[in-house]
């Protein structure tokens, strides 16, 4: 274990899906450690199992075999309820397609996880303003996702991921829907997040995003290749 | 005593050159006056069945009572004083039917008995009995209306259910995203349930408003066509409560189904097309 504290650890993970009558091994024997303040980029072609690995690390999906420890909790042994609570309080997700709720404003989207965590309203409002300011959207508080550009929506999604001060941010192709310039801005935002102490795991095709990472792992056919120096 | 009678006689219009003070008076139904282009003060000639013509002056207009059994009749109607009518018909002391209006609190049975005693062969009937005898058709129609309403409400409930299912299909990804960011199944259920229930409640209110508006339009149109004050469509408070209750219960039931549908699947499954 590294000196900074282990945030997540995967041991000999397998994830098999049934596609029709065929078994597909999306993740095969993956072991991985993520320490505090890491910025890990997982690179690999489509279908290599990157997103599945991310889902397993974040407790969205459960492995067929192996175990995932998140902040000392064996997520494979947690009930759905406790796992959901753990995700709410300790993990932030950023998705390729943002996954914001279209009926809510930017501020309300960011506020949602805080409300679920029963944070006091005044504190929520203060933190929403702080987070949207951090991602450069303090002027877009009351705009709905439909009124925002792709880059702005992704910034809101990042602010939402940071809402409950998570120990780990997991991002699945966060620049996949963005143009090159906007993607570079998001990459810069991730770099800043990590510099400010946030632990990040990003799965991506975007080499620009991977360049900002402190660790890079390649994934092929469901398995991780040996770690490269950043 | 004024008597209402289908005017089987012919009416002839005359110019008001007669000394009207000497002429007997009659009342004309407003539709009759309108059809014959008569007004108060005009003189009309009425030919009786047996007697010759007599001139009457139009003393006033009246509106036909709001009776659904006569609303579509296109006959001409007038009200005469009883002696004038008897004279016209050549049947003095002959009355087929008349109405006695009682003061509040009067003993109806006693009055009926007294009329039966005074007028041998007369049959005194309470208005409810007469109304019941003439409204059987409308009862049948009302049953049809209730059946139609039942079918409409059932259809609307199925429609609402389909709408919610379609809406849920659209929102699977939203549901998955909420689960992924740590929103509990309970919150997601309550969210979906309250949204669906609110949609049903709004739909119920909108339906009632459409019902009220529609009945206003229907009444305005047919009152104009038939010149009556009858209500052809009516959303009564009882009906509103019934419809509101059905809407609410349906909405809550659909809300539960929708909520369960959203939380029953894992976020991974919700994301699958």
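Checked across segment B:35-55, the condition of being assigned to a helix (DSSP H, G or I), within 29 Å of residue B:231 (Cβ to Cβ), touching a residue at least 40 places away in the same chain (Cβ under 8 Å) and in contact with a strand residue (DSSP E or B) (Cβ under 9 Å, 6 or more places away or on another chain) holds for at least one residue. Taking the numbered list (1) in contact with a helix residue (DSSP H, G or I) (Cβ under 7 Å, 6 or more places away or on another chain); (2) within 14 Å of chain B (Cβ to nearest Cβ); (3) loosely packed, with under 15 Cβ neighbours inside 10 Å in turn, residue A:118 passes all entries but (1). Residues in segment A:212-221: is at least one assigned to a loop (DSSP other than H, G, I, E, B), more than 15 Å from the chain's Cα centre (by Cα), surrounded by fewer than 17 Cβ atoms within 10 Å (Cβ to Cβ) and without any contact (Cβ under 8 Å) to a residue 40 or more places away in the chain? No: zero hits. Does segment A:134-153 include one or more residues that are surrounded by 21 or more Cβ atoms within 10 Å (Cβ to Cβ), within 21 Å of residue B:172 (Cβ to Cβ) and within 11 Å of chain B (Cβ to nearest Cβ)? No, that holds for no residue. The residues listed here are A:163, A:167; of these, the one that is within 14 Å of chain B (Cβ to nearest Cβ), farther than 22 Å from residue A:51 by Cα and surrounded by 16 or more Cβ atoms within 10 Å (Cβ to Cβ) is A:163. Candidates are the residues of segment B:173-185 that are facing chain A (nearest Cβ under 9 Å) and part of a helix (DSSP H, G or I); the one that is surrounded by the fewest Cβ atoms within 10 Å (Cβ to Cβ) is B:173. Which number in (1) closer than 30 Å to residue B:138 by Cβ; (2) surrounded by 13 or more Cβ atoms within 10 Å (Cβ to Cβ); (3) in contact with a helix residue (DSSP H, G or I) (Cβ under 6 Å, 6 or more places away or on another chain) marks the one condition that residue B:32 misses? Failed condition: (3).
Could you tell me which of the residues A:44, A:49, A:59, A:66 is crowded, with 17+ Cβ neighbours inside 10 Å and within 20 Å of residue B:178 (Cβ to Cβ)?
Working: A:44 fails: within 20 Å of residue B:178 (Cβ to Cβ); A:49 fails: within 20 Å of residue B:178 (Cβ to Cβ); A:66 fails: within 20 Å of residue B:178 (Cβ to Cβ).
Testing whether each residue is crowded, with 17+ Cβ neighbours inside 10 Å and within 20 Å of residue B:178 (Cβ to Cβ) leaves just A:59.
In segment A:179-196 there is no residue that is in a strand (DSSP E or B), away from chain B (no Cβ under 14 Å) and crowded, with 21+ Cβ neighbours inside 10 Å.
With the condition being without any contact (Cβ under 8 Å) to a residue 12 or more places away in the chain and not assigned by TED's automatic domain parsing to the domain that holds residue B:60, I'd like the helices (runs of 4 or more DSSP H) fully within segment B:71-140 carrying at least 3 qualifying residues. Lay out the reasoning, then the answer.
Details: elements: B:82-89, B:108-118, B:127-134.
In segment B:71-140, B:108-118, B:127-134 are the helices (runs of 4 or more DSSP H) which contain 3 or more residues that are without any contact (Cβ under 8 Å) to a residue 12 or more places away in the chain and not assigned by TED's automatic domain parsing to the domain that holds residue B:60.
What tally of residues in segment B:103-124 results from selecting those that are under 25 Å from residue B:68 (Cα atoms) and surrounded by 13 or more Cβ atoms within 10 Å (Cβ to Cβ)?
So the first thing to find is which residues in segment B:103-124 are under 25 Å from residue B:68 (Cα atoms), and the list is B:123-124.
Now drop any that are not surrounded by 13 or more Cβ atoms within 10 Å (Cβ to Cβ), which leaves B:124.
Total meeting the criteria: 1.
When segment A:1-31 is filtered for residues that are surrounded by fewer than 20 Cβ atoms within 10 Å (Cβ to Cβ) and under 30 Å from residue A:192 (Cα atoms), the ones remaining, listed by number, are A:1, A:2, A:3, A:4, A:5, A:6, A:9, A:11, A:31. In segment B:254-265 there is at least one residue that is over 26 Å from the mean Cα position of the chain (by Cα), farther than 30 Å from residue A:95 by Cα and outside the structural domain of residue B:30 (by TED's automatic domain parsing).
Yes or no: residue B:244 in contact with a helix residue (DSSP H, G or I) (Cβ under 7 Å, 6 or more places away or on another chain), modelled with pLDDT under 90 and either in a helix (DSSP H, G or I) or surrounded by 18 or more Cβ atoms within 10 Å (Cβ to Cβ) (or both)? Lay out the reasoning, then the answer.
On the way: in contact with a helix residue (DSSP H, G or I) (Cβ under 7 Å, 6 or more places away or on another chain): yes; modelled with pLDDT under 90: yes; either in a helix (DSSP H, G or I) or surrounded by 18 or more Cβ atoms within 10 Å (Cβ to Cβ) (or both): yes.
Criteria met by residue B:244.
When residues in segment A:95-109 are screened for being more than 8 Å from every other protein chain (Cβ to nearest Cβ) and either touching a strand residue (DSSP E or B) at 6+ places or on another chain (Cβ under 7 Å) or part of a helix (DSSP H, G or I) (or both), 5 of them pass. Of the numbered conditions (1) under 30 Å from residue B:71 (Cα atoms); (2) in contact (Cβ under 8 Å) with a residue 12 or more places away in the chain, residue B:188 satisfies every one except a single condition; which is it? It is condition (1) that residue B:188 fails. What do you reckon, is residue A:112 in contact with a helix residue (DSSP H, G or I) (Cβ under 9 Å, 6 or more places away or on another chain) and in a loop (DSSP other than H, G, I, E, B)? Here the answer is no, as residue A:112 does not meet what is asked.
Which of the residues belonging to segment A:14-29 are over 14 Å from residue A:225 (Cα atoms) and in contact (Cβ under 8 Å) with a residue 40 or more places away in the chain?
Applying the first criterion (over 14 Å from residue A:225 (Cα atoms)) to segment A:14-29 yields A:14-26.
A:14, A:15, A:16, A:25, A:26, listed by residue number.
Exactly one residue out of A:127, A:81 is within 12 Å of chain B (Cβ to nearest Cβ) and surrounded by fewer than 22 Cβ atoms within 10 Å (Cβ to Cβ): that is A:81.
Residue count for segment B:158-172 satisfying the condition of being crowded, with 18+ Cβ neighbours inside 10 Å, within 12 Å of chain A (Cβ to nearest Cβ) and in a helix (DSSP H, G or I): 1. Set side by side, the residues A:32, A:43, A:57 differ, and just one is touching a residue at least 60 places away in the same chain (Cβ under 8 Å) and in contact with a helix residue (DSSP H, G or I) (Cβ under 6 Å, 6 or more places away or on another chain), which is A:43.
Assess whether residue A:158 counts as being more than 9 Å from chain B (Cβ to nearest Cβ), in contact (Cβ under 8 Å) with a residue 40 or more places away in the chain, assigned to a helix (DSSP H, G or I) and touching a strand residue (DSSP E or B) at 6+ places or on another chain (Cβ under 7 Å). Taking the combined requirement at face value, the residue satisfies it.
Every test in (1) without any contact (Cβ under 8 Å) to a residue 60 or more places away in the chain; (2) buried (at least 19 other Cβ atoms within 10 Å of the Cβ) is passed by residue A:73 save one, and that test is (2).
The values are calculated or read from the model by the stated rules, or taken from the named source; none is laboratory data. What you are looking at is a predicted structure, and each value in this text was computed from that prediction instead of being measured. Quick reminder, even Gly has a Cβ in these numbers, built from the backbone with ideal geometry, and neighbours come from all protein chains shown.
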